[in-house]
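Have a look at the structure below, then the notes.
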Amino acid sequence: MPSKYVAAVMAAPNRPLDLREFPEPQLEMGGALLQTLYSEVCGTDVHLHHGKLAGVPYPIIPGHVSVGTVAKLRGSITNVYGDDIREGDVVTFLDVHETCNHCYHCLIARQPNRCPARKVYGITYSAADGLLGGWSEAIYIKPGVKLVQIPPNLAPETFIGGGCGLVTALHAVDLAEIRLGESIAVLGVGPVGQSVVAFAALSGAIDIIAIDAVADRLAFARRMGATHTIDLGVARADRLSRIRDMTHGVGVDVVIEASGHPDAVAEALDIVRDGGRVVVCGHYTDNGSVEINPHWQINRKHVQLRGCWGSRYEHFHRAIELAQNFGDAKPWRELATRTFGLAETNEALQAVGSREVVKALVRPAQS
Ligand SMILES: [Zn+2]
Ligand SMILES: [Zn+2]
């Protein structure tokens with residue numbers, strides 16, 4: 001590998017990204033250097049580019065979920081089974097790390113995804129900190145970052161096609177506690193919603209209703225396992241009555257909101273059955289407010305309303321195993337319809353932001 005690496009740098013919100021060279025990092029004990037195979041462009045990167053996330057230390061190297069080949073490592077790095085990670089292994093890594101295991105959230109609430117010390121590759125690091133984002137020829141793996149091998153029978157393209165949405169969707173479906181034979185509505189079938197549909201089907205949901213404004217996304221959701229689709233062009237009252245008709249008047253057992261539209265949260269509370277579960281995972285950034293009637297929509301309905309923020313290692317690990325086992329049945333690989341080189345990340349952000357593609361990949365070797 002060369003001694004200098006090129007990365008795409010987002011210097012500030014709303015400015016074109018530019019390419020910069022970085023020196024080869026000195027590996028700390030327990031650190032590693034990945035040669036990047038793929039990183040991804042998701043909605044969060046578009047939000048980063050629009051300056052919609054608080055506390056981001058621009059300039060940054062974006063790219064939170066990535067796949068690469070271990071080019072170098074120092075000391076011993078093992079996976080959760082105690083097996084060595086070796087040079088040449090194709091791996092991915094949990095982008096969220098440095099959770100402290102000392103604070104209230106880590107130890108009492110047991111929700112390290114809310115640990116204030118947590119760091120995220122591609123989001124909370126400045127480019128001045130080094131190669132800590134995936135839109136780069138190489139990624140520095142800091143000591144303690146959890147590496148996972150991509151199994152030989154899992155194409156890297158399948159895993160990264162699902163990407164961060166795969167992991168978020170698994171967390172959301174866990175929170176929804178879907179039981180065999182239940183019905184579910186998925187509001188918004190972008191990268192997260194598509195995987196929610198897939199996991200709901202694998203969880204034994206029978207009626208899976210996908211709702212979105214983009215016809216191609218609804219068609220893709222059918223391939224993921226949706227049994228019904230409703231176009232957002234149908235008036236809200238009519239959407240509600242269609243879902244009532246499908247469910248003998250009671251509403252769906254589970255709604256997962258993955259659209260990022262505040263109105264969808266209110267709609268979720270309307271279409272869920274009494275005593276059902278609603279999981280909100282589409283609002284990673286502040287998209288505004290919505291009016292909710294607590295009596296009619298929550299209290300009287302006895303609804304369980306749950307927020308879903310980020311993910312933990314367990315979600316990441318199981319997402320890889322699910323992609324490995326069901327990647328032939330669920331077309332995650334085809335979710336990413338375009339691949340961009342490092343010099344084309346502005347076009348990649350445009351393609352994702354305009355919803356022209358569900359997901360774009362960044363492939364540094366392409367540039
Ligand atoms: Zn903590
Ligand atoms: Zn993402």
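Here is how the numbers come out for the structure above:
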quantity: Of residues in the stretch 116-153 being modelled with pLDDT under 95 and among the small types (G, A, S), the one farthest from I60 (Cα to Cα); calculated: G144
quantity: Selection status of E177, more than 16 Å from ligand 1 (Cβ to nearest atom), modelled with pLDDT of 95 or more, farther than 29 Å from V46 by Cα and under 23 Å from the mean Cα position of the chain (by Cα); calculated: yes
quantity: Residue count, the stretch 95-117 (criterion: within 15 Å of ligand 2 (Cβ to nearest atom) and either more than 30 Å from D18 (Cβ to Cβ) or surrounded by fewer than 22 Cβ atoms within 10 Å (Cβ to Cβ) (or both)); calculated: 1
quantity: Residue in the stretch 320-343 that is among the β-branched types (V, I, T), assigned to a helix (DSSP H, G or I), at pLDDT 95 or above and within 30 Å of P13 (Cβ to Cβ) present; calculated: no
quantity: The stretch 286-313 - residue that is at pLDDT below 95 and of a type in the set (D, E, K, R) and, of those, surrounded by the most Cβ atoms within 10 Å (Cβ to Cβ); calculated: R312
quantity: Qualifying position, being polar (S, T, N, Q) and free of Cβ contacts under 8 Å to residues at least 40 places away in the same chain, among N346, N325; calculated: N325
quantity: Residue match in the stretch 61-79 (condition: among the aliphatic types (A, V, I, L, M), more than 16 Å from ligand 2 (Cβ to nearest atom), surrounded by fewer than 19 Cβ atoms within 10 Å (Cβ to Cβ) and more than 21 Å from the chain's Cα centre (by Cα)); calculated: yes
quantity: Given (1) over 28 Å from T337 (Cα atoms); (2) within 23 Å of the chain's Cα centre (by Cα); (3) within 16 Å of ligand 1 (Cβ to nearest atom), number of the condition A54 does not satisfy; calculated: (3)
quantity: Residue in the stretch 305-319 that is more than 17 Å from G165 (Cβ to Cβ) and part of a loop (DSSP other than H, G, I, E, B) present; calculated: no
quantity: Subset of the stretch 67-108 (residues that are assigned to a strand (DSSP E or B) and in contact with a His (Cβ under 9 Å, 6 or more places away or on another chain)); calculated: V96
quantity: Residue in the stretch 258-274 that is touching a helix residue (DSSP H, G or I) at 6+ places or on another chain (Cβ under 6 Å) and either in a strand (DSSP E or B) or under 30 Å from P156 (Cβ atoms) (or both) present; calculated: yes
quantity: Failed item, numbered, when R242 is tested on (1) assigned to a helix (DSSP H, G or I); (2) without any contact (Cβ under 8 Å) to a residue 60 or more places away in the chain; (3) within 30 Å of I320 (Cβ to Cβ); calculated: (3)
quantity: Test: residue in the stretch 91-109 that is modelled with pLDDT of 95 or more, more than 28 Å from G307 (Cα to Cα) and not acidic (D, E); calculated: yes
quantity: Of the criteria (1) at pLDDT 95 or above; (2) away from ligand 2 (no atom under 14 Å from the Cβ), which one H171 fails; calculated: (2)
quantity: V167 within 18 Å of P331 (Cα to Cα) and either in contact with a His (Cβ under 7 Å, 6 or more places away or on another chain) or within 14 Å of ligand 1 (Cβ to nearest atom) (or both); calculated: yes
quantity: Complete set of residues in the stretch 73-114 that are touching a strand residue (DSSP E or B) at 6+ places or on another chain (Cβ under 9 Å) and within 11 Å of ligand 1 (Cβ to nearest atom); calculated: E98, T99, P112, N113
quantity: Residue pairs meeting the criteria (Cβ under 7 Å; at least 6 apart or on separate chains; first within 11 Å of Y121 (Cβ to Cβ), in the stretch 90-107; second charged (D, E, K, R) and within 16 Å of ligand 2 (Cβ to nearest atom)); calculated: V96/R118; H97/K119; E98/R118; E98/K119
quantity: Output for the stretch 119-157, where each listed residue is buried (at least 24 other Cβ atoms within 10 Å of the Cβ), touching a residue at least 60 places away in the same chain (Cβ under 8 Å) and of a type in the set (S, T, Y); calculated: S136, Y140
quantity: Flag if G161 is under 22 Å from T124 (Cβ atoms), of a type outside the set (F, W, Y), touching a strand residue (DSSP E or B) at 6+ places or on another chain (Cβ under 9 Å) and buried (at least 18 other Cβ atoms within 10 Å of the Cβ); calculated: no
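The values are calculated or read from the model by the stated rules, or taken from the named source; none is laboratory data. Not measured: the values here are computed from a predicted model. We place every Cβ from the backbone using ideal geometry, glycine too, and count neighbours over all the protein chains shown.
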